[in-house]
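Here the structure is laid out as structure tokens; the discussion comes afterwards.
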Amino acid sequence: MKTQQYFRPTKAMIDLQAIHQNVKNLKEFLQPNVQIIAVVKANAYGHGDVAVAQAALEAGATILAVATPDEALHIRAHFEEPDILILGASPISFAPYAAQQRIILTAFAVDWIQQAAPLLANETLPLRLHIKVDSGMGRIGIRSERELLEIYQTIQSTDHVELDGLFTHFATADDEDTTHFNQQVQFFENCLSVMPFKPRLVHASNTAASLVKDPHLQYDAVRYGISMYGLSPSPYVESILPFPLQPAFSLESELVHVKQIKSGDSVGYGATYVAPTDMWIGTIPIGYADGVIRKLGGQEVLVDGQRIPIVGRICMDQCMVALPKAYAIGEKVTLIGQQGQNMISINEWATKLETINYEVPCIITARVPRIYF
Ligand SMILES: *Cc1c(COP(=O)(O)O)cnc(C)c1O
């Protein structure tokens, strides 16, 4: 990986050892011979796709999954060997590139295969496909046994395409209530039973299903996303984790300006924060263009091991915090992560933002360099 010099002290620190350990723990936990598909879509949930893929492969993952053709090509440019699976719909025009680059695509429409076939005529390698079963997620996939057999027969009768896998995705695997989950399992099992033969790779389980559901549902492989990054898919899964997870993402900056303001002075756009007493204000070079969106106003950060609040509106590139005393320029500020006894977790941000932890590292924008250790 190229090392680049960054002058702004704002950075996301990515703990690759934590990712390595999370994958290793999973590998020990899975049934024998179940493969790990490391899900590195969306720049590895904002952690950095190439570095995370490297750590996951070293820890025992054998396949990489992404959401889009461009993500797949980016991964392939760095890793020649491993299988890469695109989980989403790919445009027909991508079919020959996928064949050449040994990128596995998701199949869910007969038309798509028929239209891709002529584009594959000159390819020496077959295009490998995994049929997607929509067992109750309502996103992409075939929705009946009849559709499954149609697409199966289309693949079998089309040159240059090859059936390599069959998979589905659960909508409620992180939930304690198993009603919908069990219906999805039943539908997927029915689909498997009508297949004339079992493809090489049957897979269904995301993090939640692979950690807390029937080991039988691990099939040939599990698709491991959020917990590779040390986060739990839901509070329910967190309460029954089979092994501890180590978070890999922290967000850091420094104080670039410290000043005393007088009682009644205001801070930030709109002058919405008015100092109740004389107080110390620190400025941090991070703002909503970095993903610290305005809804995080009032969120605490760590300085000198203590929690202190962001005051005033968050600006595009900067925000201000209320300090208990004067600190030197360059004092470290932790927005996500640990300082001494105190910790600000991604889950804390997710609660403040009324969203799920998955979304938090994804919204930290590309302007924030990812630094690996
Ligand atoms: C994103 C994704 C996953 C990973 O899910 P996690 O909950 O992060 O483990 C698995 N499968 C599919 C189809 C996905 O889109």
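Here residue 33 passes the criteria (1) over 16 Å from the mean Cα position of the chain (by Cα); (2) at negative phi; (3) in a loop (DSSP other than H, G, I, E, B) except the one numbered (2). Reported count of residues in region 282-340, each being more than 15 Å from residue 255 (Cβ to Cβ) and over 27 Å from the mean Cα position of the chain (by Cα), is 4. Examine region 253-275 for a residue that is on the phi > 0 side of the Ramachandran plot and assigned by TED's automatic domain parsing to the domain that holds residue 60, and state whether such a residue exists. Scanning region 253-275, I find no residue that is on the phi > 0 side of the Ramachandran plot and assigned by TED's automatic domain parsing to the domain that holds residue 60, so the answer is no. In the set (1) of a type in the set (Asp, Glu); (2) more than 13 Å from the ligand (Cβ to nearest atom); (3) over 30 Å from residue 329 (Cα atoms), residue 265 fails one condition alone, (3). Of the residues making up region 36-73, those that are open to solvent by 50 Å² or more (accessible area, probe 1.4 Å) and in a helix (DSSP H, G or I) are 41, 43, 54, 58, 70, 73.
Taken over region 232-258, the criterion of being surrounded by 22 or more Cβ atoms within 10 Å (Cβ to Cβ) and out of contact with any Ser or Thr (no Cβ under 9 Å at 6 or more places or on another chain) is satisfied by 248, 249.
As for region 181-193, it holds no residue that is within 30 Å of the chain's Cα centre (by Cα), buried (at least 18 other Cβ atoms within 10 Å of the Cβ), outside any loop (DSSP other than H, G, I, E, B) and among the charged types (D, E, K, R).
If you go through region 210-233 and keep only what is in contact (Cβ under 8 Å) with a residue 60 or more places away in the chain, within 24 Å of residue 199 (Cα to Cα) and not in a helix (DSSP H, G or I), you end up with 219, 220, 221, 222, 223, 224, 225.
The values are calculated or read from the model by the stated rules, or taken from the named source; none is laboratory data. Because the structure is a prediction, the values reported are computed rather than measured. Every residue, glycine among them, receives a Cβ derived from its backbone with ideal geometry; neighbour counts consider all protein chains shown. All accessible areas refer to the heavy atoms of the entire protein, side chains included, with ligands and DNA or RNA removed. Shrake-Rupley method; radii C 1.70, N 1.55, O 1.52, S 1.80 Å.
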